[in-house]
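The block underneath contains the structure these notes are about, expressed in structure tokens.
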Amino acid sequence: MKTSSTTPTRIFSGSRPTGPLHLGNYLGGIKGYLALQEKKEYDCIYAVVDLHGITSPYNPQNYPQQVQELVLEYLACGLDPEKAHLIIQSHIPEHIELAYLFSTIYPVSRLQQLPTYKDKKKNQPHYVNLGLLSYPVLMAADILIYKAQLVPVGKDQLPHLELTREIARKFNRLFGKTFPEPQAYLTPGAYVPSLTGQGKMSKTNPKSYISLIDNLETIKNKLAKVPTDTGKGKKIPSTGGVATLFTLVQLFQGEEKRKEYEKLYLSTGIKYQSLKKELALAIYQALQPIQEKRNYYLRRPKLVRDILTAGEKYARTIARETLNEAKEKMGLL
Ligand code: TRP
């Protein structure tokens, strides 16, 4: 466990267990935010937010496995239980109790205007539930129950962070200073384009991504489907499948290699078959250490349970304290 003479800055972040992580999740976020554990002045708590996951359609039969998979992948991507705390959100019921308290001070109308809520409403019109509406209130509770000051998130989560700060401010104004106003920490991560050549890698389109647990064969097959052109042209494409391939080359084989391909593209031409073969191997080699680590933990379920137990024991002590403070201030104790 880390020790520090000054009070550490608390970091909190969470991910929903929606299936295996992909290259975009890893290079665009997780990798960056797990690196924060290396700083002595930070005390990191990372969560699998299973209660947020069930606000969208899901399969209760697979769900425990999905939660376990994200736990394994956090560890595989480098979460070091000696340096950071790992928890499953629903194991700390204090989050829900604090979320309820917050729900009494936040207007419904403001929740209805959030872009994330509006998007979900459009995407899952038959699954518009109260949990979905109050999703950001539970997220505020996740963060504030640990009085976290820094929250590593992607840009899409900034409105939620703003709402978290609003709740903290309002609570402090109504009941007395209790919560800090947490800041977003925008993880400096790579933009990983979709294999379709349009937009970025995204879980919602299975054809768009390479997951962290894909084997070499799968990676080859997925790259084979990336749309290409004749391999030659007057200008390097900035969108589409070829642009995706060039970006992936840069990320996994380096900038020099990308420049080589660009030169070929503008002169004698590229053979995509061999480019894709080499790229598949490079991606696979980058994923191998992650997959090995995942397998290490997969074979040690007791170790994984112990890591969660320790993380949750640590987190729960803080959570209870904060909840009691909030209840006392609200006249409930
Ligand atoms: N809303 C986040 C997402 O969809 C997940 C999340 C839930 C979260 N609670 C959080 C992220 C607290 C950071 C902090 O990605």
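Carbon and sulfur atoms: what percent of the 1.4 Å accessible area of the chain do they account for?
Roughly 53 percent of what the probe reaches on the chain is carbon or sulfur.
For D43, which sequence-distant residues (separation of 5 or more, or a different chain) have an amide H within less than 5 Å of its own amide H, given hydrogens modelled in the peptide plane?
T9, R10, I11
For an R0 of 51 angstrom, estimate the FRET efficiency from the Cβ-Cβ distance between L332 and N62 and round to the nearest 0.05.
Given R0 = 51 Å and the Cβ-Cβ separation, E is 0.85.
Over 27 Å between C-alpha atoms is what I'm after, so list which of K122/K329; K207/K263; K259/K293; K225/K257; K83/K257 land there.
On the way: K122/K329 39 Å; K207/K263 29 Å; K259/K293 33 Å; K225/K257 21 Å; K83/K257 36 Å.
Result: K122/K329; K207/K263; K259/K293; K83/K257 exceed 27 Å.
So which aspartates and glutamates pass the test for K203, namely a Cα distance under 18 Å, with those fewer than 8 places away in the same chain ruled out?
D50, E69, E73, D119, D156, D214
Provide the per-residue ³J(HN,Hα) series for segment 272-287, in order, calculated from phi with Karplus coefficients 6.51, -1.76, 1.60 and θ = phi - 60°, each as a whole number of Hz, with x at glycine and proline positions.
Once rounded to whole Hz, the list reads 5, 4, 7, 4, 5, 5, 5, 5, 4, 5, 4, 5, 4, 5, 5, 7.
Determine, from the Cβ-Cβ distance of R305 and S267 and an R0 of 51 Å, the FRET efficiency 1/(1 + (r/R0)^6), rounded to the nearest 0.05.
Plugging the Cβ-Cβ distance into 1/(1 + (r/R0)^6) gives 0.35.
Can you tell me the orientation of helix 301-329 relative to the chain, as the angle in degrees between its alpha-carbon axis and the longest Cα principal axis, to the nearest 10?
40 degrees
What's the ranking of 32-38, 137-143 by average number of surrounding C-beta atoms within 10 Å, highest first? Write out the running numbers ahead of the final one.
On the way: 32-38: 18.9, 137-143: 26.1.
Output ranking for 32-38, 137-143: 137-143, 32-38.
May I ask you to list the aspartates and glutamates whose Cα is less than 13 Å away from that of K235, ignoring any residue fewer than eight positions away on the same chain?
Within reach: E262.
Find how much the distance from R110 to Q198 grows on full extension, using 0.36 nm per residue of separation minus their present alpha carbon separation; answer in nm with one decimal.
Between R110 and Q198, full extension yields an extra 28.4 nm.
Which pairs, out of K120/K220; K234/K271; K155/K327, put more than 24 Å between their alpha-carbon atoms?
Cα-Cα > 24 Å for K120/K220; K155/K327; rest within.
Determine the calculated [θ] at 222 nm for the chain from helices alone, applying -39500 (n - 2.57) to every DSSP H run no shorter than 4 residues and normalising by the residue count; nearest 500 deg cm²/dmol.
Calculated at 222 nm, the ellipticity per residue is -16000 deg cm²/dmol.
Which parts of segment 157-199 would a label at T239 reach, counting a residue when its backbone N lies under 20 Å from a point 7 Å out along Cα-to-Cβ?
Residues 191-199 fall inside that zone.
Report, in degrees rounded to the nearest 10, the 0 to 90 angle that the Cα long axis of helix 63-76 makes with the longest principal axis of the chain.
70 degrees
HN-Hα J couplings of segment 30-40 from phi, Karplus 6.51/-1.76/1.60, θ = phi - 60°, integer Hz, Gly and Pro as x?
Going residue by residue, I get 3, 4, x, 7, 5, 5, 5, 4, 6, 8, 4 Hz, with x marking Gly and Pro.
Output the relative contact order of the chain, whole-number percent, from Cα pairs under 8 angstrom with separation of 6+ residues. If you can, show how the numbers build up before the last one.
On the way: 493 pairs, mean separation 75.0, N = 333.
About 23 percent, as a whole number.
What residues have an amide H closer than 5 Å to that of K200, excluding those fewer than 5 places away on the same chain, when H is modeled at 1.01 Å from N in the peptide plane?
S194
Place +1 on the Cβ of every Lys and Arg and -1 on the Cβ of every Asp and Glu in the chain, take the dipole about the Cα centre, and give the residue among Q65, L144, L308 whose Cα lies farthest towards its positive end.
Q65
Just the ratio, please: alpha-carbon radius of gyration of segment 214-294 over 2.2 N^0.38 Å, N its number of residues.
So the Cα radius of gyration is 1.12 times the expected 2.2 N^0.38 Å.
The values are calculated or read from the model by the stated rules, or taken from the named source; none is laboratory data. Quick caveat, the model's predicted, so the values are computed rather than measured. No Cβ is skipped: glycine too gets one built from the backbone with ideal geometry, and neighbour counts run over all protein chains shown. Only protein heavy atoms, including side chains, enter the accessible area calculation; ligands, DNA and RNA are left aside. Shrake-Rupley method; radii C 1.70, N 1.55, O 1.52, S 1.80 Å.
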